[in-house]
Amino acid sequence: MHPFSYTKVSDVAGALAAGRRGGRYIAGGTTLVDLMRESVERPATLVDISALPLREITTTAGGGLRIGALVRMADAAAHPKVRATFPVVAQALEMSASPQLRNMATMAGNIMQRTRCTYFRDVTARCNKRQPGSGCAAQSGYNRTHAILGTSDHCVATHPSDVAVAFAALEASVHLLGPDGRRSVAFADFLLPPGSTPHREQAVRPGELITALEIPSFPRPLRSGYLKVRDRQSYAFALTSAAVALHVRGGVIREAKVAAGGVGTVPWKLPAVERRLIGERPSEALWAEAAEQAADGARPLRHNGFKVELLKRTVERQLRIVGGAA
Ligand code: SF4
């Protein structure tokens with residue numbers, strides 16, 4: 001572990017001042033401390049923001065939800081408003097990590113977590129994300145768990161968060177506060193695909209602090225849920241996953257929000273699947289036809305070709321679970 005300084009702030013103004021001086025925010029620490037132990041991350045200054053008043057979950061005027069950045073994963077999963085309004089969020093959280101980690105990790109920290117690519121965490125391996133320009137050991141290495149969508153020649157790592165897949169499906173936004181004031185970023189623009197700069201992972205400006213995540217309102221009733229396929233049933237990252245939300249009225253699908261995890265360099269929204277569903281009546285045939293488009297544009301690597309079919313089956317199964325059949 002490399003030497004670093006530590007300061008704890010008690011208000012947002014203090015956090016922003018420390019952030020302006022180059023301090024690195026930390027709250028639950030469930031990702032960053034691990035990475036510091038492994039010398040993957042070497043921040044000079046840690047700014048502990050865990051005491052900031054960003055722990056509320058509130059209903060917005062239109063019936064959406066605003067989740068404070070420092071709400072613990074376990075608290076968000078157990079919150080009655082989250083469970084009643086967006087079960088897909090509660091389920092994604094409950095299928096993440098372990099109970100101990102969910103009791104520590106925060107919602108903002110969850111979406112900011114870094115990839116679990118083993119080469120990223122091995123400082124002796126080539127990795128453009130950890131050391132820009134050094135290469136990508138995963139391209140020719142063992143890439144069974146890597147991405148098939150949104151990849152580039154520079155990086156093929158997946159984004160590991162489950163709840164980020166639910167946020168992508170629901171078209172959430174991220175609220176930020178920084179030296180230039182407040183702003184809000186659509187979730188689709190917040191996590192960045194690797195392109196030629198895989199070390200740039202989020203649309204956060206220097207010194208900015210995430211204050212909340214907001215899920216917009218939807219027509220009711222909205223059925224939603226999350227399905228995660230993994231090598232073992234607890235404490236494992238997704239091989240594939242699907243977040244689905246459907247509004248069905250008069251026997252017809254009026255709204256469809258679908259995203260996939262475990263397959264993309266960022267949570268992967270599936271607009272072609274959504275378009276196929278809207279205006280149709282739920283049926284077994286419809287779920288299969290829509291899911292057939294889930295892997296459009298996939299570029300499998302040597303060891304992860306199985307994800308193409310697994311993704312389609314995961315999406316089909318979750319459409320059936322959420323939407324039922326006529
Ligand atoms: Fe690094 Fe990305 Fe390649 Fe993994 S896939 S070794 S994170 S550049």
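Bear in mind these aren't lab numbers, they're just calculated from the coordinates by the rules spelled out. Just so you know, these numbers come straight off a predicted model, no measurement behind them. Using ideal geometry, Cβ is built from the backbone for each residue, glycine included, and neighbour counts are taken over all protein chains shown.
Under the Kirkwood approximation for Rh and a Cα-based Rg, what ratio Rg/Rh is obtained for the stretch 82-210? Show your work: numbers first, answer last.
Values: Rg = 15.8 Å, Rh = 16.0 Å.
Rg divided by Rh gives 0.98.
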Next item on the list: Might you report the magnitude of the Cβ-based charge dipole of the chain about its Cα centre, with Lys and Arg at +1 and Asp and Glu at -1, to the nearest 20 debye?
Entry: 180
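Just need the relative contact order of the chain here, percent rounded to a whole number, with Cα pairs under 8 Å and 6+ apart.
Here the relative contact order equals 17 percent.
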Checklist line | Contour excess over end-to-end distance, with Cα ends at residue 283 and residue 61 and 0.36 nm allotted per residue | finding: 76.5 nm
Check: So who's got an amide H within less than 5 Å of the one on residue 240, skipping anything under 5 residues away but keeping other chains? H placed 1.01 Å off N, in plane.
Finding: 229
Next item on the list: Return 48, 296 ranked ascending by Cβ neighbour count within 10 Å, so the fewest neighbours appear first.
Entry: 296, 48
Checklist line | Spin-label model distance (nm) - residue 249 vs residue 205, 7 Å beyond Cα toward Cβ | finding: 3.9
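Nearest 500 deg cm²/dmol is fine: what mean residue ellipticity at 222 nm does the chain get from its DSSP H runs of n ≥ 4 alone, each adding -39,500 (n - 2.57), divided by its residue count? Before the final figure, lay out the partial values.
On the way: 14 runs with 100 residues, N = 326.
Estimated from H runs of four or more residues: -8000 deg cm²/dmol.
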Margin query: To make sure I understand, if each residue's beta carbon is the centre and we count other beta carbons within 10 Å, what order do 268, 287 fall in, fewest to most?
Written below: 287, 268
Check: Cα-Cα over 19 Å: which of 228/257; 129/269; 81/269; 257/312?
Finding: 129/269; 81/269
Next item on the list: Rounded to the nearest 0.05, what FRET efficiency do residue 134 and residue 189 give with R0 = 25 Å and r taken as the Cβ-Cβ distance? Could you check?
Entry: 0.35
Next item on the list: Provide the three semi-axes, in whole Å and in decreasing order, of the ellipsoid equivalent to the stretch 1-53 as defined by the square roots of 5 times the Cα gyration tensor eigenvalues.
Entry: 20, 12, 7
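Given R₀ = 51 Å, what would the calculated FRET efficiency be for residue 275 paired with residue 5, taking r from the Cβ atoms and rounding to 0.05?
Plugging the Cβ-Cβ distance into 1/(1 + (r/R0)^6) gives 0.50.
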Check: What residue among 168, 108, 13 has the largest mean-square fluctuation in a Gaussian network model of the chain, using Cα springs under 10 Å?
Finding: 13
Notebook entry, point to check: Which of the aspartates and glutamates could a cross-linker bridge to residue 8, judged by Cα under 15 Å and excluding same-chain residues fewer than eight apart?
Noted result: 48
Note to self: If the elastic network links every pair of Cα atoms under 10 Å, which of 84, 256, 243 fluctuates the most in the Gaussian network model of the chain?
What the structure shows: 84
Note to self: Using a Förster radius of 22 Å, what is the FRET efficiency between residue 309 and residue 232 based on their Cβ-Cβ separation? Nearest 0.05, please.
What the structure shows: 0.60
Notebook entry, point to check: Between the stretch 194-232 and the stretch 263-319, how many Å separate their Cα centres?
Noted result: 19
Item checked: the chain - convex hull of the alpha-carbon atoms, volume per residue in Å³ -> 127
